[in-house]
Amino acid sequence: MKFIVCVKLTPDTEQLAEVQPQDVGSDDLGVTMVLNPWDEFAVEEALQLQERFDGTAVVVTLGGPDATEALKRAVAMGIEEAVFLSDPAFAGSDAWGVAHVLAQAIKRIGDATLILTGRQSVDGGSGLVGPGLAASLGVPFVSQVAKVLDVTATHATFLRSLDEGMQTVRVKTPAVISVSKEINEPRYPNFMGIRKASRMQYPAITAAQLPGLDRAQIGAAAARIAWTNLRTPPARTGVCEFIQGATVSEQARILVEKLIAEKVI
């Protein structure tokens with residue numbers, strides 16, 4: 001069995017509050033770029049599935065030269081095979097364009113049993129790549145996967161985490177799943193893994209090497225969504241005031257008056 005996990009390089013959100021000015025464009029954030037935290041759960045699950053079902057795990061990413069840092073993190077965690085998609089033609093693609101490119105790369109890899117993605121990315125936050133990938137491949141999609149119960153050559157069974165409770169879903173394979181953070185606890189890379197990742201070569205696969213690629217669906221010209229900026233919301237501030245009164249009833253009356261004055265009630 002082959003488990004393919006799609007990952008992305010995203011800004012370190014802990015550093016975004018330090019960016020000046022706040023309205024800086026998403027291509028010039030001036031912060032450390034890291035493997036998307038949501039994707040770490042997908043990488044970990046691919047590794048566990050590889051061990052459980054005696055399969056292979058492959059990591060795929062798309063982007064410029066810096067995007068290999070996402071692959072390095074996944075390889076340092078234990079992934080053996082990495083695929084790097086990079087071409088000026090991909091630049092400016094929105095989630096649907098990225099999903100189309102990833103789909104053609106997955107077809108090129110071949111024999112996928114499950115394709116895993118994180119729930120969403122911490123920058124775009126749309127969560128559209130997973131369903132877009134499934135639509136482009138013409139396979140089932142299952143979101144919010146909290147546990148992979150079983151995988152066979154023809155079917156896979158999952159436990160989904162929903163607001164209403166847990167749901168068991170069985171679909172045909174190959175399939176695309178987006179995983180939730182309840183699914184596992186991502187491992188930390190060890191020294192040997194980090195060393196292997198740093199020495200590994202990541203040759204770029206270009207648009208010309210993806211025969212099924214429709215160039216009308218990729219790039220800035222085809223994008224239906226564009227970022228204008230990426231910033232942290234302003235810090236919330238507040239003042240704590242203790243209500244004084246001779247009795248509890250008086251304190252309650254003063255509190256109600258203040259809430260009415262502030263139009264809270």
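Coordinate-derived values only; no laboratory data. Worth saying up front: this structure is predicted, and the values here are computed from it rather than measured. Backbone-built Cβ (ideal geometry, glycine too); neighbour counts: all protein chains shown.
Miscellaneous remarks
- Taking Cα centre as origin and charging only the Cβ of basic (Lys, Arg, +1) and acidic (Asp, Glu, -1) residues, the dipole magnitude of the chain rounds to 600 debye.
- Gyration tensor (alpha-carbon) shape descriptor, region 2-222, a/c threshold 1.5: rounded
- Fewest-first ordering of I109, I218, I79 by other beta carbons within 10 Å of each residue's beta carbon gives I109, I79, I218.
- Counted charge near L162, where neighbours are those whose Cβ lies closer than 15 Å (Asp, Glu -1; Lys, Arg +1): +1
- Coil-residue chymotrypsin sites (Phe, Trp or Tyr not before Pro) of region 148-253, DSSP, other Cβ within 10 Å capped at 11: F242
- Think of region 173-265 as having a plus end and a minus end, set by charges on the Cβ of Lys, Arg, Asp and Glu; of W227, I205, C240, I205 sits farthest toward the positive end of this dipole.
- Calculated [222 nm] ellipticity per residue, helices only, for the chain: -9000 deg cm²/dmol; basis is -39500 (n - 2.57) per DSSP H run with n ≥ 4, divided by all residues, nearest 500.
- Neighbour net charge for K181 - beta-carbon separation under 14 angstrom, K R +1, D E -1: -3
- Inter-probe distance in nm under a simple model that places probes 7 Å from Cα toward Cβ, at K107 and K263: 5.6
- The value of relative contact order for region 2-222, using C-alpha pairs under 8 Å at least six residues apart, is 27 percent.
- Each Lys and Arg adds +1 at its Cβ and each Asp and Glu adds -1 at its Cβ; summed about the Cα centre, region 56-189 shows a dipole of about 280 debye.
- Computed from phi, the 3J(HN,Hα) profile of region 41-53 under the Karplus parametrisation 6.51, -1.76, 1.60 (θ = phi - 60°) reads 5, 5, 5, 4, 5, 4, 5, 5, 5, 4, 6, 5, 10 Hz, with x in place of Gly and Pro.
- Neighbourhood net charge (9 Å Cβ-Cβ; Lys/Arg +1, Asp/Glu -1) for M33: -3
- Longest stretch of the chain clear of exposed loop sites (GluC sites (Glu not before Pro), DSSP loop, at most 16 other Cβ atoms within 10 Å, sites excluded): 81-163.
- When both bridge partners sit in the chain, DSSP labels roughly 40% of those beta bridges antiparallel.
- Greater than 25 Å apart at Cα, pairs in K147/K172; K147/K196; K8/K196; K72/K172: K147/K196; K72/K172
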